[in-house]
1. Across bins of 10 angstrom width beginning at 0, how are the C-alpha pair distances of segment 300-391 distributed, in whole percent?
2. Can you return the aspartates and glutamates within cross-link range of LYS44? Criterion is Cα-Cα under 20 Å, with same-chain partners fewer than 8 residues away left out.
3. Which links in LYS19/LYS430; LYS19/LYS79; LYS196/LYS386; LYS195/LYS223 stretch past 26 Å when you go from one Cα to the other?
4. Using the C-alpha atoms of segment 257-340, what convex hull volume per residue, in cubic angstrom, is computed?
5. Sorted from largest down, give the three principal axis spans of the alpha carbons of segment 161-294, whole angstrom values.
6. Hey, with R₀ at 35 Å, roughly what FRET efficiency would LYS386 and PHE178 work out to, going by the Cβ-Cβ distance, to 0.05?
7. Quick check on packing: order 408-416, 139-147 by the mean number of other C-beta atoms within 10 Å, highest mean leading.
8. Based on the Cα atoms of segment 1-90, what semi-axes does the equivalent ellipsoid have, where each is the square root of 5 times one gyration tensor eigenvalue, given in whole Å with the largest first?
Amino acid sequence: MKLGKLAKELHIPTESLIKFIQDFDLELSECITTTFEVKEDFAKFARENIIFLRKYSEDLNQKKTVEDIAENINQPTDKVAEIIEHRKPKLFDNGIYKSSVSRFDIDNKLGGNYQFIYNYFGKNTKLASRDFIGYRDLFFFITQTLEPYLNEVSVQDWGIQKPAGIVLYGPPGSGKIFWAHKIAEIIGYDFKEIKKYFLGTSLVNHQETNFNDFIVETMKEEKVLLFLEDFDQIMRERNEVETVKSCDEETKEIILHYIGHFEREKILMLGSANSVVNIDREILAPGRFDVIIPIFPPNAKERAEMLLHHMTNGLLDDSLLMKILKSNNAHQLPFWTDVSKKMKVFSNTMLIDFTQSLKKKIRNTYLKDPSTEIKITKKMLESALKDASTKLTPNYLNQIDQFIADVSLNNYEDFSRRIDALETELNHYKTVEKPTQSIGFNHNH
């Protein structure tokens with residue numbers, strides 16, 4: 001059963017159920033699949049607690065002030081205000097909050113007893129078994145963007161067209177290709193990457209073929225997601241300072257020529273970019289690549305979860321590494337919290353580098369002392385952290401800085417908390433001694 005169908009059965013807006021999952025920090029994989037199929041435990045909870053969910057939904061849509069909420073849940077006004085400020089919800093000019101603040105959520109954060117909710121989700125899905133970790137806000141943002149693909153009503157009743165082109169933008173290593181695959185999975189399209197050699201002219205079976213031929217052949221298929229990397233380089237705007245490669249200009253013209261036919265032919269093109277600032281405005285015009293989705297580096301909590309995932313993924317319970325991890329309590333999330341906090345603005349790739357380095361150090365120690373009781377020392381963790389930090393270059397930090405500027409301009413209301421947290425982490429590396437420097441970063445680890 002799809003989440004929308006369950007919402008209709010319960011006479012509760014789908015958006016309220018989504019907000020409920022986010023507010024109470026429920027593990028996504030225990031509630032729904034990436035294609036919005038409802039998990040059994042969540043359906044059971046929703047049906048048995050329909051009265052509570054309806055109250056939650058009604059409250060969510062009520063306009064309310066800080067004083068209203070504080071009086072309702074019998075909590076000090078300053079504590080309520082602190083939580084609301086941290087969430088950065090939308091606010092009317094008269095000081096009344098829009099339908100993005102739940103008094104139940106605030107009550108829960110201030111110690112209210114909502115254990116009855118978590119009792120339904122007691123069996124946590126192992127991190128190694130999850131489709132993805134964290135990123136609830138990004139997942140729901142993406143699925144909302146893809147609604148015309150998931151819900152024909154939005155097309156038939158409201159005339160909301162399916163996007164023909166989407167740009168995923170974010171710093172290197174943040175997982176853009178992962179999310180491209182995930183989008184293909186969500187909408188049920190076949191994933192097809194446009195290789196670099198497709199963009200020029202090449203020989204296939206002794207016959208000359210080019211990018212135009214590739215697009216024409218692809219449009220004969222149904223439900224195909226085309227993924228193009230280096231989108232911001234290929235689609236750069238021409239100017240007097242920078243020249244544009246003739247093959248890139250030709251690629252741009254071919255895509256502009258055919259993109260108007262993509263929706264009808266059931267083609268979706270995704271471009272992967274580090275930044276959107278230099279992309280030709282003509283490419284981002286309505287009906288073309290007019291949907292842009294930011295892909296963030298993981299936050300501190302997500303980093304800890306990813307470290308645990310990458311350290312334990314694929315291991316058998318009786319494997320040597322798992323035994324060593326268990327003897328250090330490193331098979332549990334708290335072990336990774338401190339080192340995660342040191343990985344400010346680390347990309348997903350850097351996290352993988354860290355875990356690979358640490359695994360090798362653990363193995364080398366084991367070869368010298370073949371015991372599953374060996375200690376994962378602070379020195380080992382710091383050494384692996386140093387290895388992973390080699391990609392934390394001034395250039396990468398500048399790309400993070402540019403990403404913050406991009407996402408602040410294009411998606412601040414959607415991701416204000418993420419943006420502010422990322423900026424705080426980036427400021428850790430900023431140079432204060434020499435503010436006149438053009439780069440503005442030290443190469444600190």
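1. Taking all Cα pairs of segment 300-391, the binned fractions are 17, 55, 25, 2 percent.
2. Within the straight-line limit of under 20 Å, LYS44 reaches these aspartates and glutamates: GLU9, GLU15, ASP23, ASP25, GLU27, GLU30.
3. Beyond 26 Å: LYS19/LYS430; LYS196/LYS386.
4. Hull volume normalised by residue count: 152 Å³.
5. 39, 36, 29
6. 0.85
7. Going from most to least packed, we get 139-147, 408-416.
8. 28, 14, 11
Each value in this text was obtained by applying a stated rule to the coordinates, not by laboratory testing. Predicted, not measured: the structure shown is a model, and the values here were computed from it. A quick note on method: Cβ atoms are made from the backbone with ideal geometry, for glycine too, and the neighbour counts reach across all protein chains shown.
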